[in-house]
Amino acid sequence: MGLLSGKHILVTGASSGMGRVFCRMVAAEGGRVSLLARNKERLKETLSSMKGEGHQYYICDLTSDDQIMAVVGKLDALDGVVFCAGVNDYVPVKFIKQVKIDNIFKTNYYSQIILTKMLLKKKLINDKASLVYISSLSSQLGVPGTLLYASSKAALNSAVRVIAAEVAGKGIRANAICPGIVKTSMLSRTNIDEEIFAKQAEDYPLGLGTPEDVGNAVLYHLSDMSKWLTGNCMVIDGGYSLK
Ligand SMILES: NC(=O)c1ccc[n+]([C@@H]2O[C@H](COP(=O)([O-])OP(=O)(O)OC[C@H]3O[C@@H](n4cnc5c(N)ncnc54)[C@H](OP(=O)(O)O)[C@@H]3O)[C@@H](O)[C@H]2O)c1
């Protein structure tokens, strides 16, 4: 028996990085996983690397309400959701354009709210289920160039507390996890200079994180071990915040 045996978990952002690792870890703990992302080939790669049976992938662009609605219509009841899909963009304030605000907020904030709303309205969230939102340490910092990303995640943190209050009557829990820097493809796409990257790593007393480090926190949040935890924002950052 695994930690998540008998539980059905939806993981968004399942086609790469942390979401892919979360899918593997949930499956290894006996959970049945519904995987969601846009890229079919990479979703299939994730699926083929997972233990267990009954997993299913869904192709969906979360910036489209219609596509979210279509996937929600195919899902059966869930015991947990990991809202992991997200995008990043480093833009100094004076170069911000409306289209960039829309892009970041559509994926990192609006889509999480719309998906939560549709799952609740369709009664697809079982009593005592766990909703886990992958936010970011950036939401609590003031790093130059991160305004759009940081504020989209800060808005998410705020939303999670309200959702937690609204669903608690059914024993449903909603929490955010705020990781510091984790080595994934999201970072390679941001073209951070290797030297700057190495310097950032020096600020982490325990070094930079791995997807598995965050995955262990996700397993805890999804399991009944965290049944008295809600409305929380867990910072997991290798000691970065000690300063
Ligand atoms: N890496 C870090 O240092 C770090 C730190 C703190 C928080 N985070 C957060 O952790 C989460 C995962 O990040 P990661 O580093 O694993 O990034 P990643 O490897 O780039 O993965 C992002 C995932 O989101 C999916 N996605 C993006 N836009 C989407 C859309 N419109 N519709 C559906 N799926 C979409 C991507 O799949 P498709 O392209 O196939 O759609 C992909 O599976 C994000 O929310 C990120 O903000 C990351």
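Extension gain residue 122-residue 39, at 0.36 nm per residue separation less the Cα-Cα distance, in nm? Gain on stretching residue 122 to residue 39: 27.3 nm. Give me the aspartates and glutamates in straight-line cross-link reach of residue 44: C-alpha distance below 19 Å, same-chain residues under 8 apart excluded. Excluding near neighbours in sequence, the set is 53, 61.
What net charge is computed for the residues neighbouring residue 209, neighbours being all others with C-beta under 12 Å from the C-beta of residue 209, Lys and Arg scored +1, Asp and Glu -1?
After counting each charged neighbour, the total is -2.
Among 30-42, 57-69, sorting by the average number of other beta carbon atoms lying within 10 angstrom of each residue, highest first, gives 30-42, 57-69. When the chain is treated as a GNM with alpha-carbon contacts under 10 Å, the residue of 12, 46, 184 showing the greatest mean-square fluctuation is 184.
Lysine pair count for region 158-243 (Cα-Cα distance under 28 Å; residues 8 or more apart in sequence or on different chains): 4.
Mean-square fluctuation check for the chain, GNM, Cα pairs under 10 Å: which of 225, 25, 50 is largest? Among 225, 25, 50, the largest GNM mean-square fluctuation belongs to 225. Which of the three applies to region 8-235, rounded, prolate or oblate, going by the alpha-carbon gyration tensor with a ≥ b ≥ c and a/c under 1.5 meaning rounded? Note, shape of region 8-235 comes out rounded.
Of 199, 94, 44, the residue with the greatest mean-square motion in the GNM of the chain, using alpha carbon springs below 10 Å, is 94.
Helix screen, the chain: DSSP H segments with Cα axial length of 27 Å or more and mean Kyte-Doolittle hydropathy at least 0.0 are 147-167.
Could you give the length gained on full extension between residue 113 and residue 170, defined as 0.36 nm per residue of separation minus the Cα-Cα distance, in nm?
Contour length minus Cα-Cα distance gives 18.6 nm.
Read the figures in this text as sums done on the coordinates, not as results from a lab. The shown structure was predicted, so the numbers you read here are calculated from the model rather than taken from an experiment. Note: ideal-geometry Cβ built from the backbone for every residue, glycine included; neighbour counts use all protein chains shown.
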